[in-house]
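Undergrad: I have a structure here, written as structure tokens, and I will follow up with some questions on it.
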Amino acid sequence: MRCISDLKAIATGFRTTWRHIFRRPVTIQYPEEKRTPFPRYRARIVLTRDPDGGERCVACYLCSAACPVDCISMQSAGRSDGRRYAAWFRINFSRCIFCGLCAEACPTLAIQMTPDYELCRRDVMDLVYEKEDLLIDGCGKDPEYDFYRHCGIGVVSPRGENPDEKPPVDVKTLLP
Ligand code: SF4
Ligand code: SF4
């Protein structure tokens with residue numbers, strides 16, 4: 001009986017080989033040939049700008065808190081008009097696992113994943129990206145989104161006058 005099961009296993013192996021032997025090879029000659037990743041492939045992280053060209057990041061630390069490997073760090077700062085920004089922003093890509101949790105957590109859509117997977121470096125310190133390495137000139141995905149115009153913070157317009165925003169409520173009028 002053992003002999004029959006062995007023969008069956010060999011036949012199965014040969015059948016699998018013959019099924020694939022005339023198929024087109026899927027191997028590509030990287031780096032001469034590059035594979036196009038799927039549109040939602042998660043690789044190199046960027047910091048984007050809003051439609052007016054301002055930095056979207058408001059240095060809220062949410063991405064840093066969400067990151068399971070603690071590879072994001074920053075220092076917050078504020079402008080005289082109340083708008084916040086990151087004085088410095090750093091991602092250590094040698095620790096990043098490209099899980100995308102930082103992008104999910106970001107309320108301003110500042111931090112986004114791109115399909116650029118060519119991050120390999122010989123020196124591990126070259127994988128520490130500073131803000132100037134991360135900040136791009138465009139909006140990335142969701143090009144219309146502007147956090148300050150939607151959230152109702154009185155930086156772009158006075159409170160209650162931004163799109164999608166209701167006038168502020170005097171909380172004392174809500175007391176019983
Ligand atoms: S993709 Fe994941 S591991 Fe990488 S920085 Fe974002 S939260 Fe951290
Ligand atoms: S990238 Fe987004 S989540 Fe991270 S600090 Fe900036 S605004 Fe907050």
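Undergrad: Over the chain, with a Gaussian network built from C-alpha contacts below 10 Å, which listed residue (PRO31, PRO158, PRO51) shows the highest mean-square fluctuation?
TA: Among PRO31, PRO158, PRO51, the largest GNM mean-square fluctuation belongs to PRO31.
Undergrad: A further question follows. What length, rounded to one decimal in nm, is gained on full extension from CYS120 through to ALA9, with 0.36 nm per residue of separation minus their alpha-carbon distance?
TA: 35.9 nm
Undergrad: Run the numbers for LYS172 and SER94: contour at 0.36 nm per residue of separation, minus the present Cα-Cα distance, in nm.
TA: Value of the extension gain: 23.0 nm.
Undergrad: Another question, if that's okay. Calculated from DSSP H runs of 4 or more alone, at -39500 (n - 2.57) each and per residue, what is the 222 nm mean residue ellipticity of the chain, nearest 500?
TA: -5500 deg cm²/dmol
Undergrad: Would you be so kind as to identify which of GLY160, PRO115, THR48 lies farthest towards the positive end of the dipole of the chain, taking Lys and Arg as +1 and Asp and Glu as -1 on Cβ and the Cα centre as origin?
TA: PRO115
Undergrad: Taking loop as defined by DSSP and a crowding limit of 16 other beta carbons within 10 Å, which GluC sites (Glu not before Pro) in the stretch 1-100 fit?
TA: GLU32, GLU33
Undergrad: Here's a follow-up. So how tilted is helix 2-20 from the main axis of the chain? Cα-based, degrees 0 to 90, rounded to 10.
TA: So the inclination is approximately 60 degrees.
Undergrad: Could I ask something else about it? Evaluate E = 1/(1 + (r/R0)^6) for TYR41 and ASP137, where r is the Cβ-Cβ distance and R0 equals 25 Å; express this FRET efficiency to the nearest 0.05. Can you show the working numbers first?
TA: Values: r = 22 Å, r/R0 = 0.87.
That gives a FRET efficiency of 0.70.
Each reported figure results from applying straightforward, stated rules to the coordinates on display, with no laboratory input. Worth saying up front: this structure is predicted, and the values here are computed from it rather than measured. Quick reminder, even Gly has a Cβ in these numbers, built from the backbone with ideal geometry, and neighbours come from all protein chains shown.
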